[in-house]
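Participant: Below are the structure tokens for one structure; questions will follow.
The numbers here are math on the coordinates, done by the rules we state, and not lab data. Just so we're clear, the structure is a prediction, and the values are computed from it rather than from any experiment. All Cβ positions, glycine included, derive from the backbone under ideal geometry; neighbour counts span all protein chains shown.
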Amino acid sequence: MAGRAALGGAMLVAVAGGAPATAAADANAEARAAVARAADSVTAGRPAAAVEALREAMLTVWSAAPFDLVRVEATTATAEGFRAYAPRPDGPYTAGEPLHLYVEPIGLEYEFADGLYTMGLKADFLVLDTDGTILGGQRDFAHVPFTFHVPSTAVFMTMSLGTERLPAGDYVIQLTVRDALGGGAATREVPFSVAAP
């Protein structure tokens, strides 16, 4: 299936080639209807149905959003799962201390085939000095596929960079993450420092 997929309930609706304003209005209406179903379910004493309706609303809004990065955070170690990380306190890295990043997107396009929802991320990075001089980097350093039996927004990637080859100083990681199916891209810059030994 080509094009953006709007996820609502058990139905996958293709919005390929439609007018963006119409797709956004449809997603808005679907999300509002799901929130109304959740409220009705709470009133009727059906909390499980309310939670499911809220998930539908979140999935509808998430999948209709333009691709972007909602979190790019330095962490103390590689994240163990979705939002399962400890933020790193501000301060310079010691020589050789790895720099770990947690990256969380929104608005990825899904494909549905053979009973599975698939999507993916690709990423590039550059290391710059404070003058903007490129010191290194790699295109397509990461290709992270995701496969789910049910639609999910629990999508993230991690990045780790060794600092042992960097002299003491101030730097910037320029990270560009792309939606592997939809082609959207977002770039973030993360400043960091390496302390003198």
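Participant: Got a sec to turn the phi values of the range 163-176 into Karplus ³J(HN,Hα) couplings, 6.51 cos²θ - 1.76 cosθ + 1.60 with θ = phi - 60°, whole Hz, x for Gly and Pro?
Facilitator: My calculation for the range 163-176 gives 10, 5, 8, 9, x, 4, x, 9, 9, 9, 9, 9, 10, 10 Hz in order.
Participant: Restricted to Cα positions, what overall size does the chain have along the principal axes? Three whole-Å values, descending.
Facilitator: 63, 39, 30
Participant: Against the longest alpha carbon principal axis of the chain, how many degrees, from 0 to 90 and to the nearest 10, is the axis of helix 20-43 turned?
Facilitator: Once rounded, one gets 70 degrees.
Participant: Could you go through the range 184-190 in sequence order and give the Karplus-derived ³J(HN,Hα) for each residue, using 6.51 cos²θ - 1.76 cosθ + 1.60 with θ = phi - 60°, rounded to whole Hz, and x for Gly and Pro?
Facilitator: Result, rounded to whole Hz: x, 9, 9, 10, 10, 10, 10.
Participant: Continuing with this model, one more query. Find me the longest stretch of the chain that has none of the exposed trypsin sites (Lys or Arg not before Pro), where exposed means in a DSSP loop (not H, G, I, E or B) with at most 16 other Cβ atoms within 10 Å.
Facilitator: Formally, the longest exposed-site-free interval is 1-82.
Participant: Sticking with this structure for a sec: Among all stretches of the chain without exposed GluC sites (Glu not before Pro) (DSSP loop, at most 13 other Cβ atoms within 10 Å), which one is longest?
Facilitator: Here the longest run is 81-163.
Participant: Helix 47-64 versus the longest principal axis of the chain: what angle, 0 to 90°, nearest 10, using Cα atoms?
Facilitator: Tilt relative to the chain: about 60 degrees.
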